[in-house]
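The values are calculated or read from the model by the stated rules, or taken from the named source; none is laboratory data. Remember, it's a predicted structure, so these values are computed and weren't measured experimentally. A quick note on method: Cβ atoms are made from the backbone with ideal geometry, for glycine too, and the neighbour counts reach across all protein chains shown. Surface accessibility is based on the protein's heavy atoms, side chains included, excluding ligands, DNA and RNA. Shrake-Rupley method; radii C 1.70, N 1.55, O 1.52, S 1.80 Å.
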Amino acid sequence: PSEEEEQEQVLSFDRGVQVLAGLASEALGEDAEAIRLQRGAHPPPSAIGYSCVYVYRLSDDTYYVGETDNIAQRFSAHQSTRKSGLTDFAFVKLPKGGKSVGRLVETQAIRRMAGMGFDLISEADGMHSNFGVR
């Protein structure tokens, strides 16, 4: 990609991260911080043991939104299994609400990002509707 195309991809990823953090903040009722990870990095120890929602971008400019209770394992798995190349990764730790809030935020982020025109490979997960939260 040209330098201009790369800049657009970075801005798109930044928008996706903002969507994820904003929805997590709404669900938690407090500010939620997105943490970016570089290839080969490890999540900070403070994220271990918590539900997390995450977004990543592949080199073909497709995106994936997911949730997990083990961010270190998921990040490692996504780095090693995606053939088109993980280029950007960010996650938000959910210190309360557990997996139910994680799935809710995941679904809302997928729906919002799809509506914004993101090319999502996780779009089918946006159909979830029962989360065990009010």
Residue 118 vs. criteria buried (at least 19 other Cβ atoms within 10 Å of the Cβ), out of contact with any Lys or Arg (no Cβ under 7 Å at 6 or more places or on another chain), in a loop (DSSP other than H, G, I, E, B) and at pLDDT 90 or above: yes
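Here's the yes/no breakdown for (1) of a type in the set (A, V, I, L, M, F, W, C); (2) assigned to a helix (DSSP H, G or I); (3) within 30 Å of residue 2 (Cβ to Cβ):
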position	(1), (2), (3)
25	no, yes, no
40	no, no, yes
56	no, no, yes
76	no, yes, no
93	no, no, no
Residue in region 14-22 that is out of contact with any helix residue (DSSP H, G or I) (no Cβ under 7 Å at 6 or more places or on another chain) and at pLDDT below 95 present: yes
Residue 49 vs. criteria small (Gly, Ala, Ser), closer than 22 Å to residue 104 by Cα and in a strand (DSSP E or B): no
Those residues of region 27-44 which are small (Gly, Ala, Ser), more than 11 Å from residue 79 (Cβ to Cβ) and open to solvent by 40 Å² or more (accessible area, probe 1.4 Å), in sequence order: 27, 29
Condition check for residue 87: of a type in the set (S, T, N, Q), touching a helix residue (DSSP H, G or I) at 6+ places or on another chain (Cβ under 7 Å) and either in a strand (DSSP E or B) or free of Cβ contacts under 8 Å to residues at least 60 places away in the same chain (or both): no
Test: residue in region 71-79 that is among the polar types (S, T, N, Q), modelled with pLDDT of 90 or more and under 12 Å from the mean Cα position of the chain (by Cα): no
Those residues of region 45-74 which are open to solvent by 10 Å² or more (accessible area, probe 1.4 Å), among the aromatic types (Phe, Trp, Tyr) and more than 11 Å from residue 121 (Cβ to Cβ), in sequence order: 50
